[in-house]
Amino acid sequence: MNTEKRQDFELFKSNICHSVKRMGDIAFLISVLKSNKIQVFFQKEWYLECFYLLAMVDYLSRENNIPLCVEYDYIRINKLEKPVFSSGIITKCIVFKDEAPKMKSITEAIPEFKRFNIMEADVRNAC
């Protein structure tokens with residue numbers, strides 16, 4: 001019985017962004033592609049982590065003029081049922097009782113993330 005615990009998604013995103021910043025785009029891409037983590041997450045049905053990591057790989061590939069890895073095409077045909085927003089966007093909507101931050105987040109989302117219904121606009125400013 002596998003009782004592996006999933007980490008909080010905000011922490012997962014932060015760790016991925018920090019890894020990109022620390023390793024650099026190409027080293028990060030190589031590491032992820034060698035690790036098989038995208039397929040592992042998909043097989044575990046950890047779709048949020050799978051799609052986020054694949055979106056990051058696709059985004060970095062585009063940014064560096066690297067062709068997409070076709071091995072993931074079977075995953076790219078999927079997406080999350082509902083849009084996923086950062087905790088900061090959700091908090092703003094609650095505090096101001098206004099959905100405008102969500103709408104802005106949708107228009108500013110990086111296409112590779114938006115494809116999976118993840119509204120991510122800034123992956124380069126990891127603290």
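Annotations
- Residue match in the stretch 100-113 (condition: over 15 Å from the mean Cα position of the chain (by Cα) and not in a helix (DSSP H, G or I)): no
- Condition check for V40: out of contact with any strand residue (DSSP E or B) (no Cβ under 9 Å at 6 or more places or on another chain), in contact (Cβ under 8 Å) with a residue 24 or more places away in the chain, of a type in the set (V, I, T) and within 26 Å of K5 (Cα to Cα): no
- Residue in the stretch 40-56 that is surrounded by fewer than 12 Cβ atoms within 10 Å (Cβ to Cβ) and outside any helix (DSSP H, G or I) present: yes
- Residue count for the stretch 57-99, restricted to those that are among the charged types (D, E, K, R), in a loop (DSSP other than H, G, I, E, B) and closer than 24 Å to S35 by Cα: 1
- Unmet requirement for P101, which otherwise passes all of (1) out of contact with any Cys (no Cβ under 6 Å at 6 or more places or on another chain); (2) over 17 Å from K13 (Cβ atoms); (3) modelled with pLDDT under 95; (4) not basic (K, R): (1)
- Within the stretch 114-127, the set of residues being modelled with pLDDT of 95 or more and either more than 18 Å from the chain's Cα centre (by Cα) or of a type in the set (S, T, N, Q) (or both) comprises N117 only.
- Within the stretch 70-89, the set of residues being over 17 Å from M56 (Cα atoms) and out of contact with any helix residue (DSSP H, G or I) (no Cβ under 8 Å at 6 or more places or on another chain) comprises E81, K82, G88.
- Check on I66, under 24 Å from K5 (Cα atoms) and not polar (S, T, N, Q): no
- Within the stretch 80-93, considering residues that are surrounded by 15 or more Cβ atoms within 10 Å (Cβ to Cβ) and touching a residue at least 12 places away in the same chain (Cβ under 8 Å), the one farthest from the chain's Cα centre (by Cα): I89
- Residue count for the stretch 16-72 under the criterion of being aliphatic (A, V, I, L, M), within 20 Å of N117 (Cα to Cα) and under 14 Å from the mean Cα position of the chain (by Cα): the result is 9.
The values are calculated or read from the model by the stated rules, or taken from the named source; none is laboratory data. What you are looking at is a predicted structure, and each value in this text was computed from that prediction instead of being measured. So basically every Cβ, Gly included, is an ideal-geometry build from the backbone, and we count neighbours across all protein chains shown.
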